[in-house]
Amino acid sequence: MALSLFDASVPSYLQTVEAFGGVLKKGLAFCEDNDLDPETLVEARIFTDMHPFRFQVQQVAFHSVGAARAILTGALHLPGQTPQYDYAGLQALIAEAAETLKALTREEIDARSGAEVVFEIPGRPTRVFTAEAFLTSFSLPNFYFHAATAYDILRSKGVPLGKIDYIGAVRLAI
């Protein structure tokens, strides 16, 4: 059986987004257990020229929900100026992303198989993908990059996370 556009996108996004809800809970628990203000994590970064934790979490939401919307509409719209979320706001953003992903249907995503997804950035050439190429060569790599970076920022601050926290609930056959 071939892997459908829905199967290659929504369940993978949802697996990581839901796992990330748990990662954020562990980050908050770590702060509470160590008498740390969770807001110190929001602007934490691995290196000075990298975006902070807040941005990484926002991109996890964008590169899942925003990518699904791009597949559905045929155009990727960059989020523009994003709110300066606090830790609780990041948790709410991830919870909202999970709920949005759960509402997507196989029929609506699979109906876009082979369709174009256009990505425009002012001042740069327009990029035109098939929905499948957008997913596999742009969306999923960005999604996992930002999820791994956010995870790594928390680990670098001492949050006791393991690989299974990042992977989340795997989708078994039985």
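Mind sorting 63, 51, 77 by how few other Cβ atoms lie within 10 Å of their own Cβ, fewest first?
Numbers: 63 25, 51 16, 77 13.
In order of increasing Cβ crowding within 10 Å: 77, 51, 63.
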TODO: Just flag the chymotrypsin sites (Phe, Trp or Tyr not before Pro) in region 36-136 sitting in loop per DSSP whose Cβ has no more than 10 other Cβ atoms within 10 Å.
DONE: 47
Task: region 145-174-region 1-37 distance, computed between alpha-carbon centres (Å) - done: 7
Open item on the list: Can you compute the modelled spin-label distance between residue 111 and residue 136, with each label point 7 Å from Cα toward Cβ, in nm?
Closed with: 2.4
Task: Spin-label model distance (nm) - residue 92 vs residue 4, 7 Å beyond Cα toward Cβ - done: 3.4
Task: Modelled FRET efficiency - R0 22 Å, residue 33 with residue 169, Cβ distances, 0.05 increments - done: 0.35
Task: Note, ³J(HN,Hα) from phi for region 126-133, Karplus 6.51, -1.76, 1.60, rounded to Hz, x at Gly and Pro - done: 5, 10, 10, 10, 7, 4, 5, 5
Open item on the list: Compute, for region 1-130, the length of the dipole vector about the Cα centre, with Cβ point charges of +1 (Lys, Arg) and -1 (Asp, Glu) only. Units Debye, rounded to 20.
Closed with: 480
Open item on the list: Going by amide H atoms built from the backbone, whose H comes under 5 Å of the H on residue 130, apart from near neighbours?
Closed with: 117
- [ ] Over region 83-135, calculate the relative contact order: mean separation of alpha carbon pairs under 8 Å at least 6 apart, over the residue count, as a percent.
- [x] 25
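Restricting attention to region 55-156, which GluC sites (Glu not before Pro) occupy a DSSP loop and are surrounded by at most 16 other Cβ atoms within 10 Å?
Sites meeting the loop and neighbour criteria: 120.
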Task: Phi to ³J(HN,Hα) by Karplus 6.51 cos²θ - 1.76 cosθ + 1.60 over region 80-93, Hz, x for Gly, Pro - done: x, 5, 9, x, 8, 4, 8, 4, 4, x, 5, 4, 5, 4
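Given contacts defined as C-alpha pairs under 8 Å and at least six residues apart, what's the relative contact order of the chain, whole-number percent?
Reported relative contact order: 37 percent.
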Task: Estimated dipole of region 63-174 in Debye, rounded to 20 [Cβ of Lys and Arg +1, of Asp and Glu -1, Cα centre] - done: 280
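Each reported figure results from applying straightforward, stated rules to the coordinates on display, with no laboratory input. Quantities reported herein were computed from a predicted structural model and do not represent experimental measurements. Because the Cβ atoms are built from the backbone with ideal geometry, glycine has one as well, and the counts that use them run over all protein chains shown.
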